[in-house]
Amino acid sequence: MTPTQTRTILLYGLSLVLLAMPFFASTGFFIIDEVVYVLSVQAFHAGQDLFVDNGYLGHPSEDAAMLGLLVPTENGLAPQYPAGLAVLGSVFFEVLGARGLLLINALAAVGTLFVTHMLALRFFQSVAVANLAVALWAVFSFMPEYAVGFWPHMVSIFSVLSAFYLFLRAIDEERPFLWAAASGLVLGAGLLFRVDGILLLSTIALVTVLYAQKPLVVFAGGLVGLAPVFAVMAWINSLKFGTLNPISYGHTAGSAVDPVKYISFAVIAGLATLGIWAIRVRGTVPEAVMRAPKSVAFVMVLAVAALVMLVPQLERVARIIVHGVYVLVIDARWINDPRPGAWTGADNTMFLWGMTKKALGQSLPWLGVLVALFILPTAKRRKSIVIVVLFVVLWSLPFILRVWHGGLGSNMRYFLPTVPLLSALCAWIILEIFERLETPARPLLVGAAITLAGTQTWTLFRESGTAGVQQVLSTYVLYAVVILTGIGVLFVRLRFLAGVAVGLGLAMSLANSLLDQRAAQARRGATYERAEVFAQMAGPILVYSAPESAVLANRKTDLISSIVPFDHDFADRDFVASALADGRRSFVPEVEYFQFSPWFEALSPTPQDVPERFLEIVQR
């Protein structure tokens, strides 16, 4: 089978699978953020514009604001997230209900397959590399989990990748304005769904000054494309929050999630870009940089190390970066999260609200093949490698500096936009390794068999079970991939080991992907079952619980979903009393009854229609 035939089967076969998934996946919620997104869709669909009531207008209370994700305003509660999904989602919701919202992400996921192929082909001019890049992205990563979610991660990623591809076309064109404008417009469209896409601008700025034939024209085109979208976002935020800041969340959120908090990083990146541009304009880049970039890079690392040791402030930043890289990229077991949903299990495994959290390398041990970049001849691919590395580093750095892991989840969702480009780069390395082997399938199968045996043995004989497989064993596999790849590429007689390394990494990544999808669907199924019980109750109700276990995505019910903020010791007494006075049956989890017991008592015996582990409360 030719690479072109493989491309057709791969792209369209995976597309059919992704498009079918929303019709078989659970329509339960995974996390509170998804509830906020869907409430905004339901409100817009019902003609409530951009605001959600949730009982706040009747009796203002922080408990109704879903941990600050809904921002109190005089018109009601405004979802902190952009309004794109509310508008587009209302159309799909009208036709297919909750599954229509899942389909939006699935369609975007299909789009990422094609753009990933186009990016890899542009970087490495090989259909085989592009095919493998798509396989790594769609099969051997955690992408499928987000293809059937309510939060619009895949829409944002499709926007970022598409904008980046159009930008790459622009920097190589004699007349780049239209390509750059299209890139800005596409990136802006994605910002209407998630604002993290704005992180692409630092990469675009730096790559423009390094490689664009006409950098000023590229910048001008990008601004023209972005400007109308920023204007729309500013107008929407003026309606929601009373501010013209297009990327505002409407309040001062936690330092890790408020996009405005990253402006300082943008300023630093902008100054660095201007400095590089000045050097390029003056034409003073030393020839040594072009002739021996690895040597120059090594000298620069030594210089930075010296500065870090001499300047205390730089040492502090360096420590943060090293810690952030280790925790978010290598081993998530060392995450320090003081919230009540974080705990440690056997073998020092780390859980966030029951999910086995993994660093990027733990999820994708095949990333270990990147060590080959220090050994393989890369001169012909230098520009492509530099661009990919800049994208990955500049996108990841804000999260690394704040050591922000993304909260509840099995993986590093904020790093997901970097995975398609990493897939392209690793695909090129893997095929370079395969070219050195007479029969690549043999070491590949050996590595996969070792991983399979290891996972089964660990599950049977270690107390940490599946969690240990995903967090501890996967870390060992990552280290093994790095070591074996380095040895196999460096020593010709041991090249077989590099093939084994690829098999180890791919098998472990596939296992992680399948386990993540199973865990996500199990969580969604459980939250759906509880929410369905509440939806069957007659009359208005108030539920104090994680909103994902109370709200139903399929249809809007007469339910107020509330949760006690983390920094509060008790529920809002007046808010609950007001709901009871209005005739709302009110329910709380058994384990959280202590937050209500000073003023309210639980019915005994518990009514039969109350979900398991919940109590119905009334005024004392």
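The values are calculated or read from the model by the stated rules, or taken from the named source; none is laboratory data. Note that this is a predicted model, so its numbers are computed, not measured. FYI the Cβ positions are ideal-geometry reconstructions off the backbone, even for glycines, and counts take in every protein chain you see. Note: accessible area is taken over every heavy atom of the protein model, side chains too, but ligands, DNA and RNA are not part of it. Shrake-Rupley method; radii C 1.70, N 1.55, O 1.52, S 1.80 Å.
I'd like to know if the stretch 447-466 contains one or more residues that are closer than 17 Å to Val329 by Cα, open to solvent by less than 60 Å² (accessible area, probe 1.4 Å), polar (S, T, N, Q) and modelled with pLDDT of 95 or more.
So far as the stretch 447-466 goes, no, none of its residues is closer than 17 Å to Val329 by Cα, open to solvent by less than 60 Å² (accessible area, probe 1.4 Å), polar (S, T, N, Q) and modelled with pLDDT of 95 or more.
Looking at this structure, is Asp331 out of contact with any Cys (no Cβ under 6 Å at 6 or more places or on another chain), modelled with pLDDT under 90 and acidic (Asp, Glu)?
no
What residue, of Leu70, Leu14, Leu96, is crowded, with 22+ Cβ neighbours inside 10 Å and either touching a Cys at 6+ places or on another chain (Cβ under 6 Å) or not hydroxyl-bearing (Ser, Thr, Tyr) (or both)?
After ruling out the rest, the residue left standing is Leu70.
Being in contact with a Ser or Thr (Cβ under 7 Å, 6 or more places away or on another chain), among the β-branched types (Val, Ile, Thr) and not in a strand (DSSP E or B) is true for just one of Val551, Val591, Val610. Which residue is that?
Residue meeting the stated conditions: Val551.
Please go through (1) within 17 Å of Ala138 (Cβ to Cβ); (2) in contact with a Phe, Trp or Tyr (Cβ under 7 Å, 6 or more places away or on another chain); (3) assigned to a loop (DSSP other than H, G, I, E, B) for Ser26 and return the number of the only condition it doesn't satisfy.
Failing condition for Ser26: (1).
Would you list the helices (runs of 4 or more DSSP H) that sit entirely within the stretch 402-490 and hold 1 or more residues that are over 29 Å from Phe29 (Cα atoms)?
Result: 419-435, 441-461, 474-490.
Starting from residues that are β-branched (Val, Ile, Thr) and open to solvent by less than 40 Å² (accessible area, probe 1.4 Å), keep the ones in the stretch 503-541 and report whichever is nearest to the chain's Cα centre (by Cα).
Thr527
For the structure I just gave you, tell me whether Met412 is in contact (Cβ under 8 Å) with a residue 12 or more places away in the chain, surrounded by 24 or more Cβ atoms within 10 Å (Cβ to Cβ) and touching a helix residue (DSSP H, G or I) at 6+ places or on another chain (Cβ under 7 Å).
Here the answer is yes, as Met412 does meet what is asked.
Name the residues in the stretch 167-185 that are surrounded by 24 or more Cβ atoms within 10 Å (Cβ to Cβ) and of a type in the set (A, V, I, L, M), would you?
Correct list: Ala170, Ala180.
If you take the residues in the stretch 196-242 that are out of contact with any Ser or Thr (no Cβ under 9 Å at 6 or more places or on another chain), of a type in the set (Ser, Thr, Tyr) and within 21 Å of Phe123 (Cβ to Cβ), which one is surrounded by the fewest Cβ atoms within 10 Å (Cβ to Cβ)?
Applying the filter and picking the extreme gives Tyr211.
So Ala571 ticks every box in (1) part of a loop (DSSP other than H, G, I, E, B); (2) within 30 Å of Ala480 (Cα to Cα) but one. Which box is left unticked?
(2)
Go through the stretch 114-229 and tell me which helices (runs of 4 or more DSSP H), entirely inside it, have 3 or more residues that are modelled with pLDDT under 95.
200-211
For Gly111, are the conditions met, namely being in a loop (DSSP other than H, G, I, E, B) and either modelled with pLDDT of 95 or more or open to solvent by less than 30 Å² (accessible area, probe 1.4 Å) (or both)?
In short, no.
Give all pairs with beta carbons closer than 8 Å in which a residue from the stretch 22-42 that is farther than 17 Å from Ala106 by Cα meets a residue that is among the hydroxyl-bearing types (Ser, Thr, Tyr) and open to solvent by 10 Å² or more (accessible area, probe 1.4 Å); count only pairs at least 6 apart in sequence or on separate chains.
Asp33/Tyr81; Val36/Tyr81; Ser40/Tyr81; Val41/Ser90
Considering only the stretch 46-93, state which residues are under 24 Å from the mean Cα position of the chain (by Cα) and part of a loop (DSSP other than H, G, I, E, B).
Met66, Leu67, Gly68, Leu69, Gln80, Tyr81, Pro82, Ala83
Which one of these is on the phi > 0 side of the Ramachandran plot and either buried (at least 17 other Cβ atoms within 10 Å of the Cβ) or in contact with an Asp or Glu (Cβ under 8 Å, 6 or more places away or on another chain) (or both): Gly47, Gly55?
After applying the criteria, what remains is Gly55.
In this structure, is Gly341 within 30 Å of Asp516 (Cβ to Cβ) and at pLDDT 65 or above?
Taking the combined requirement at face value, the residue satisfies it.
Go through (1) open to solvent by 20 Å² or more (accessible area, probe 1.4 Å); (2) in a helix (DSSP H, G or I) one by one and return the number of the condition Met1 breaks.
For Met1, the failing item is (2).
Give the number of residues within the stretch 446-471 that are among the hydrophobic types (A, V, I, L, M, F, W, C) and under 27 Å from Phe374 (Cβ atoms).
The total comes to 3.
Return the residues of the stretch 491-501 that are free of Cβ contacts under 8 Å to residues at least 60 places away in the same chain and open to solvent by less than 60 Å² (accessible area, probe 1.4 Å); say none if nothing qualifies.
Leu497, Val500
Name the single residue, out of those in the stretch 354-400 being open to solvent by 10 Å² or more (accessible area, probe 1.4 Å) and part of a loop (DSSP other than H, G, I, E, B), that is farthest from Ile429 (Cα to Cα).
Gly354
Within the stretch 469-490, work out how many residues are surrounded by 24 or more Cβ atoms within 10 Å (Cβ to Cβ) and not hydrophobic (A, V, I, L, M, F, W, C).
Qualifying residue count for the region: 5.
Among the residues in the stretch 606-614, are any open to solvent by 30 Å² or more (accessible area, probe 1.4 Å) and aliphatic (A, V, I, L, M)?
no
Does any residue of the stretch 424-441 turn out to be in contact (Cβ under 8 Å) with a residue 60 or more places away in the chain, closer than 24 Å to Arg518 by Cβ and touching a helix residue (DSSP H, G or I) at 6+ places or on another chain (Cβ under 7 Å)?
no
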